[in-house]
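Presented below is the structure to which this report refers.
The values are calculated or read from the model by the stated rules, or taken from the named source; none is laboratory data. This is a predicted model, so every value here is computed, not measured. All Cβ positions, even for glycine, are placed from backbone atoms using ideal geometry, and neighbour counts span all protein chains on display.
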Amino acid sequence: MSESLTHNMQMEEELVAELEPLGVRYLSRQSSYQASGVRPPETLLADLVRQPSARVRAAVIAVLLAHPEYAVAVPEALKQLRPDEQLTLQSFYAAAMLLQEEHADRLRAFLGARWRPLPDPREATPQLNLPDEGSPTERLAWLGREHQRWSGTMVNWAGSYEQVAQRLMRRWDMERRWKR
């Protein structure tokens, strides 16, 4: 196994372990590594976006849904990223904001007093030109098409964004049942 691949896998394991204390526990790991802490929000968001694994990159959405207070770290995280990575973080931020609108009742129930709306993504994501009109679902579909366009991939981005939210909330539902 190459040194670069080993480093990437180790970094991924560390990041996924650091997500656990943040309540983002739907991602599986290959080791028993336990995080001794969590890196600062701007570093965590940037490091997640830089991951080769799509499942780990998309966890940015889950982090923002679980910890809307991390939104203030997005401008600093953007400064740490290359232009293509910046667009990824901006897309994931906009997706998190739209998913938060779409799933507000469930997220409020899970987060309680920690719930707060994510700030308008146009402040953190000026390059996206997110439309004002339409339902969160319609705007998420628009965002997914834009993500396809600039990334040059035919990924169902809107479905990928939604899948992150569903996995996060399904895990929270299971954890709630386990505690009974």
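Close Cβ contacts (under 8 Å, 6 or more residues apart or on different chains) running from residues in region 131-145 that are surrounded by 18 or more Cβ atoms within 10 Å (Cβ to Cβ) to residues that are aromatic (F, W, Y) and part of a helix (DSSP H, G or I) comprise L140/Y161; L143/W157; L143/Y161; G144/W157; G144/Y161. In region 72-97, the residue that is surrounded by the fewest Cβ atoms within 10 Å (Cβ to Cβ) out of those that are out of contact with any Lys or Arg (no Cβ under 9 Å at 6 or more places or on another chain) and among the small types (G, A, S) is A73. When region 124-171 is filtered for residues that are under 23 Å from L107 (Cα atoms), at pLDDT below 90 and either assigned to a helix (DSSP H, G or I) or touching a Cys at 6+ places or on another chain (Cβ under 9 Å) (or both), only A124 remains.
Of all positions in region 1-24, none carries a residue that is touching a helix residue (DSSP H, G or I) at 6+ places or on another chain (Cβ under 7 Å), hydroxyl-bearing (S, T, Y) and modelled with pLDDT under 95.
On the given criteria, is L111 at pLDDT below 95, in a helix (DSSP H, G or I) and farther than 21 Å from S160 by Cβ? Here the answer is yes, as L111 does meet what is asked. Can you find a residue in region 38-61 that is over 21 Å from Y161 (Cα atoms) and among the hydroxyl-bearing types (S, T, Y)? There is at least one residue in region 38-61 that is over 21 Å from Y161 (Cα atoms) and among the hydroxyl-bearing types (S, T, Y).
Flag: W150 does not match the condition of being over 16 Å from the mean Cα position of the chain (by Cα), buried (at least 18 other Cβ atoms within 10 Å of the Cβ), of a type in the set (F, W, Y) and more than 23 Å from R25 (Cβ to Cβ).
Filter region 98-115 down to the residues that are of a type in the set (G, A, S) and at negative phi, then identify the one that is surrounded by the fewest Cβ atoms within 10 Å (Cβ to Cβ). Checking each candidate, the answer is A113. Of the residues making up region 69-83, just one is in contact with a Ser or Thr (Cβ under 8 Å, 6 or more places away or on another chain) and either of a type in the set (D, E, K, R) or assigned to a helix (DSSP H, G or I) (or both), namely A77. Among the residues in region 47-68, are any touching a Phe, Trp or Tyr at 6+ places or on another chain (Cβ under 8 Å), among the aliphatic types (A, V, I, L, M) and part of a loop (DSSP other than H, G, I, E, B)? There is at least one residue in region 47-68 that is touching a Phe, Trp or Tyr at 6+ places or on another chain (Cβ under 8 Å), among the aliphatic types (A, V, I, L, M) and part of a loop (DSSP other than H, G, I, E, B).
Yes/no per residue for (1) out of contact with any strand residue (DSSP E or B) (no Cβ under 7 Å at 6 or more places or on another chain); (2) more than 23 Å from G159 (Cα to Cα); (3) among the aliphatic types (A, V, I, L, M):
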position	(1), (2), (3)
A58	yes, no, yes
I61	yes, no, yes
E76	yes, yes, no
R108	yes, no, no
E133	yes, no, no
